[in-house]
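First the structure, in the form of structure tokens, and then the observations on it.
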Amino acid sequence: MQRVELADFLRRHRERLRPADVGLPVGSRRRTPGLRREEVAALANASPDTYVRLEQGRGPQPSESMLAAIARALRLTTDERDHLFHLAGRRPPAVHRPTGHVRPGLLTLLDHLVDLPAQVIDDLGVTVAQNPLARALLGDDARHSGWRRSFAWRWFTDPAARALYPAEDHDRQSRVIVADLRATAARRHGDADVADLVGRLRAGSEEFARLWATHDVAVRRFDRKTLLHPVVGAVEVDCETLVTADACQKLLVLTPRSGTDAAERLRLLRVIGTQELESAVSGVSPDPGMNRG
């Protein structure tokens, strides 16, 4: 681990970013160029102390997942991300397999969708980036590890994952998830990650095994959903899916359904989410009445 070089690399790239580049308010009283360390930590879902130690050349070797999160927070290119891994003494993700890295341009697009919930997922249902409104509506997926990072896994193994959807939508949602995963399994035939996920789901969920056996295939490109949020209530949305050229990642954008009050509910949720983000950066606990769930 090259601590001095790693610290210098992180500091320089942090100072190159402006708050507007990552969807944060400019604010005032900025004594240093670029982002604050606490802001990078918040974007990477890391503790401020952990990130500060890295910039100071102290602390333990960061995990691969932490490095990937920092790379996204700093809007690093693929080459810059690989350099970050090398400096930290970790092997960069293989270039021939899907990774958690998101291109800076896609992250910029995500940041500018401030009025709409949006997130980037990979083709196994793993969320790799969310904008603040998506976190407020759907929950912060960065808290998960292992296969729990995949919504497909949580849907079939954790009943709590279904609480966001009305009970009458559960069967259709299950079929949509399995049909989309079928298409991914065929496109990535022989891939160890796909085989592992499908094998574990078939063994752990009778429902998944039954639906998998039907061999239905359908790539999810558009969907309509009703999402049950504990604070703002039912939010009816249309889900548009934009797929990257290699089909390994998808940008999901949720738009309020015409003829409903979803737009008003999302505006309220944006205010609540903004207050929570500002509290996280400043270190002030949010009003308990504003907590999600």
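The values are calculated or read from the model by the stated rules, or taken from the named source; none is laboratory data. Since the structure is predicted, the reported quantities are computational estimates derived from the model, not experimental observations. Keep in mind that these areas ignore ligands, DNA and RNA; they rest on the heavy atoms of the full protein, side chains included. Shrake-Rupley method; radii C 1.70, N 1.55, O 1.52, S 1.80 Å.
If you roll a 1.4 angstrom probe over the protein chains with everything in place, what fraction of the accessible area of the stretch 42-158 belongs to carbon and sulfur, to the nearest %?
In the stretch 42-158, the share of accessible area belonging to carbon and sulfur is 52 percent.
Taking the 0 to 90 degree range and rounding to the nearest ten, how far is the long axis of helix 64-73 tilted relative to the main principal axis of the chain, both from C-alpha atoms?
80
Whenever you get a sec, line up VAL4, VAL219 from highest to lowest accessible area (probe 1.4 Å, protein heavy atoms).
Reading off the accessible areas and sorting them downward yields VAL4, VAL219.
Can you bin the stretch 156-272 into rounded, prolate or oblate? Criterion: square roots of the alpha carbon gyration tensor eigenvalues sorted a ≥ b ≥ c, rounded for a/c under 1.5, prolate for a/b above b/c, oblate for the rest. Spell out each step's value before the answer.
Working: a/c = 2.38, a/b = 1.65, b/c = 1.44.
Prolate, because a/c is 1.5 or more and a/b exceeds b/c.
Could you work out how far helix 3-16 tilts from the main Cα principal axis of the chain, as a 0 to 90 degree angle to the nearest 10?
Roughly 80 degrees between the two axes.
How far, in nm, would the chain grow between ARG220 and ARG16 when pulled straight, counting 0.36 nm per residue and subtracting the alpha carbon separation? The partial results should precede the final answer.
Values: separation 204, 0.36 × 204 = 73.44 nm, distance 3.72 nm.
So the extension gain works out to 69.7 nm.
How much length would be gained if the chain were fully extended between TYR165 and THR108, taking 0.36 nm per residue of separation minus their Cα-Cα distance, in nm to one decimal?
17.6 nm
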